[in-house]
C-alpha cells in the first residue's frame, strides 16, 4: 500500500509542477506539469524507472526520494511526506523558517488585514504593518518572545483578551500544532526545549499536552485593547501554507460592525514596509 501511495504522491507533484519553476521551457504541452522523461532527467534516473515508481512497482531508496524532491523543488512538508511514504526519516530534522514566496505574497496582498506567518513551532517568521499597528505585541526580552505558544501560556499579553471559551479553543490549537511539529521534527532541539519549558511553566499547557483537547475549528475571537484604550474585537483564522510548512493567521472584524470601522482606522495609521521579518526565537 505504501508503494502505491508514494507513487501517487510523486505523480501528483510531477503533474502539479510548472516547467518554468524547475528551469524548463513551458512549450506546447498536452499534459499538465512535467513529463516523466523530464523528471527522470532532472533527478538522474530513467523515465521507465519514474513510471515504475508511480505505478508502485519499485521501492525507492532514500537517495532516490531526495533526488525526486530536489528535482521537483518541493517544500519541506511535501518532502517529509515523500520520506514518510517511502519509509525513511527526513534528512533534516529542523523546523524550516524560510519565508516562501507564497507567504510573502499573502502578507503583501492583504495589507489592510492584520496578519502574521509562523513556522511549525509557532515562532513568528514575519508580520505585516497592520498586525503591528494593533500595538499589543510587547517584547519582554525572553528567548521565546516571538513564539505564540510561549506568549499565550507563559507571558500573556495584557492587551490581548479572550472569553474562557475562545481561550480554550486557542490553547487547544496551539498544543495540537506543537504536538504535530514535534512528531515531524524530533531532532529539533530548540523545539523540544520550548515544549519542555512551557510544560514546566504552565500547568494548563502540561495538562493539555498529556490529555489533548480535540480541535473543532482553527479560529477564535479576541479583543485587542489599543494603546489609546479603545478595544477592537477580531476573529483569527489560521491558514496552512503546506509547501513551506508555515501557517498564516488573519484577523478580521465582522463586516459593517463598529469593530470593522475601528480596524480600518487602526490600519490606515499603520506605516512602514508591508512585510516585516521578525526572526526565529528560542535557544540555539
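The values are calculated or read from the model by the stated rules, or taken from the named source; none is laboratory data. Everything quoted here is computed from the prediction, not taken from an experiment. Glycine also receives a Cβ, built like all others from the backbone with ideal geometry; neighbour counts cover every protein chain displayed.
Odds and ends about this structure:
- Residue 132 at pLDDT 90 or above, touching a strand residue (DSSP E or B) at 6+ places or on another chain (Cβ under 6 Å) and within 24 Å of residue 234 (Cα to Cα): no
- Residue within segment 106-116 that is modelled with pLDDT under 85 and touching a helix residue (DSSP H, G or I) at 6+ places or on another chain (Cβ under 9 Å) present: no
- Residue ID - nearest to residue 85 (Cα to Cα), chosen from residues in segment 188-218 that are in contact (Cβ under 8 Å) with a residue 40 or more places away in the chain and under 18 Å from the mean Cα position of the chain (by Cα): 188
- Condition check for residue 128: over 23 Å from residue 175 (Cα atoms) and touching a helix residue (DSSP H, G or I) at 6+ places or on another chain (Cβ under 6 Å): yes
- Filtering 86, 121 for residues that are over 27 Å from residue 149 (Cβ atoms), buried (at least 20 other Cβ atoms within 10 Å of the Cβ) and modelled with pLDDT of 85 or more leaves a single hit, 86.
- Residue 263 satisfies every condition listed in (1) under 22 Å from residue 168 (Cβ atoms); (2) in a helix (DSSP H, G or I) except (1).
- Residue list for segment 41-50, restricted to those being under 15 Å from residue 9 (Cβ atoms) and modelled with pLDDT of 90 or more: 50
- The sole residue among 239, 208 that is in the same structural domain as residue 116 (by TED's automatic domain parsing) and part of a helix (DSSP H, G or I) is 208.
- Pick from segment 100-118, criterion over 10 Å from the mean Cα position of the chain (by Cα) and surrounded by 18 or more Cβ atoms within 10 Å (Cβ to Cβ), ranking: farthest from residue 228 (Cα to Cα): 100
- If you go through segment 138-160 and keep only what is part of a loop (DSSP other than H, G, I, E, B) and buried (at least 20 other Cβ atoms within 10 Å of the Cβ), you end up with 144, 146.
- Qualifying residue in segment 169-179 (condition: touching a residue at least 12 places away in the same chain (Cβ under 8 Å), assigned by TED's automatic domain parsing to the domain that holds residue 134, over 27 Å from residue 277 (Cβ atoms) and over 21 Å from the mean Cα position of the chain (by Cα)): no
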